Amino acid sequence: MSEYIKIQNLCREYRPSKKVLVAALRNLAFSVKKGEMISLVGSSGSGKSTFLNILGGLDWNYSGDIYIEGKNIRNYDQNYYRRFIVGTIFQQFHLIPSLTVEENILLPTRFQKNISKQKLNERLEYILNKTGLSDRRKHYPNELSGGQAQRVAIARAIIDSPKIILADEPTGNLDSKTGNMIINLLRSLNMQEGMTTIIVTHDSKIASQTDRTVTLVDGKNV
C-alpha cells in the first residue's frame, strides 16, 4: 500500500489564554509507506511533538484526518490503538523505578488475557536478546546506563508487536556512539519485524540514515 499512513489537513490549536491562540499544526498533509522508516525534522516549535502525540493516540483534540491502512484512527478503541497499532518511544524513557528491566518491558501486557504465558515469555526472550538486555533483565532503572534505559524503552514499545513505531528524539539524551547504536537497533527492528517507523530528531546525521525526511516549519510540511 503506497499510503499506509495518510495524514490529511491535520490542524491542532491551543488556547493558553482567552487572548492567545497557538496554531501548532496547520493543514499538515503527507503519507508514509508500509515498512518505511522516515525522520521528522524541524526547529523547536515546528509541531513535531504535537504531531507525534496525535499519531500516538495521546491527543484527540485535533481537526483533519489520519488513516492507517484506510481506517480513520478515530474509529479505533483508544486502548487497542495505543497497544497494537502504535508503540511510542519517549526521549525521557519513562521507566518505572521500582520495576526491573523485564517488568518494565512487560508492563503493557499486564492486563492482557488473550495471550498464553508461553508465547509472552517467548516474545520477551526474543526482545531481550534483540536489544542486548538479557544480562540486565533483573536490574532496576537506576542500575542502567542511558543507552540501556533507552533500549528498555524500545523493548517496552515493541512487546505487543505494534504496526508502527514512533520515536521522539530517541538519541537526544545519549552520546553520539550510543545514539548510533539505538538508531541501528531501530533500523534492524524496522527491517526484520516490518514496523513502519517515524523518528523525530534534530540530528541531521540521524535523519540521513532514514529512508526519507519530512521537514516541518510552523506546523506545516515543506
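The values are calculated or read from the model by the stated rules, or taken from the named source; none is laboratory data. The shown structure was predicted, so the numbers you read here are calculated from the model rather than taken from an experiment. Please note: Cβ atoms are built from the backbone with ideal geometry, for glycine as well, and neighbour counts cover all protein chains shown.
With respect to (1) polar (S, T, N, Q); (2) surrounded by 19 or more Cβ atoms within 10 Å (Cβ to Cβ); (3) assigned to a strand (DSSP E or B), the lone exception for residue 46 is condition (3). A count restricted to the stretch 72-86 and to residues that are closer than 18 Å to residue 196 by Cβ and either surrounded by 12 or more Cβ atoms within 10 Å (Cβ to Cβ) or among the acidic types (Asp, Glu) (or both) stands at 9. Does the stretch 205-215 contain any residue that is among the acidic types (Asp, Glu), modelled with pLDDT under 90, outside any strand (DSSP E or B) and farther than 18 Å from residue 94 by Cβ? No, the stretch 205-215 has no match at all. The residues listed here are 105, 66, 73; of these, the one that is farther than 27 Å from residue 124 by Cα, free of Cβ contacts under 8 Å to residues at least 60 places away in the same chain and either in contact with a helix residue (DSSP H, G or I) (Cβ under 8 Å, 6 or more places away or on another chain) or among the acidic types (Asp, Glu) (or both) is 73. A residue that is polar (S, T, N, Q), crowded, with 19+ Cβ neighbours inside 10 Å and within 18 Å of residue 56 (Cβ to Cβ) can be found somewhere in the stretch 176-191.
Got at least one residue in the stretch 153-162 being within 17 Å of residue 56 (Cβ to Cβ), out of contact with any Ser or Thr (no Cβ under 6 Å at 6 or more places or on another chain) and of a type in the set (S, T, N, Q)? Looking through the stretch 153-162, at least one residue is within 17 Å of residue 56 (Cβ to Cβ), out of contact with any Ser or Thr (no Cβ under 6 Å at 6 or more places or on another chain) and of a type in the set (S, T, N, Q).
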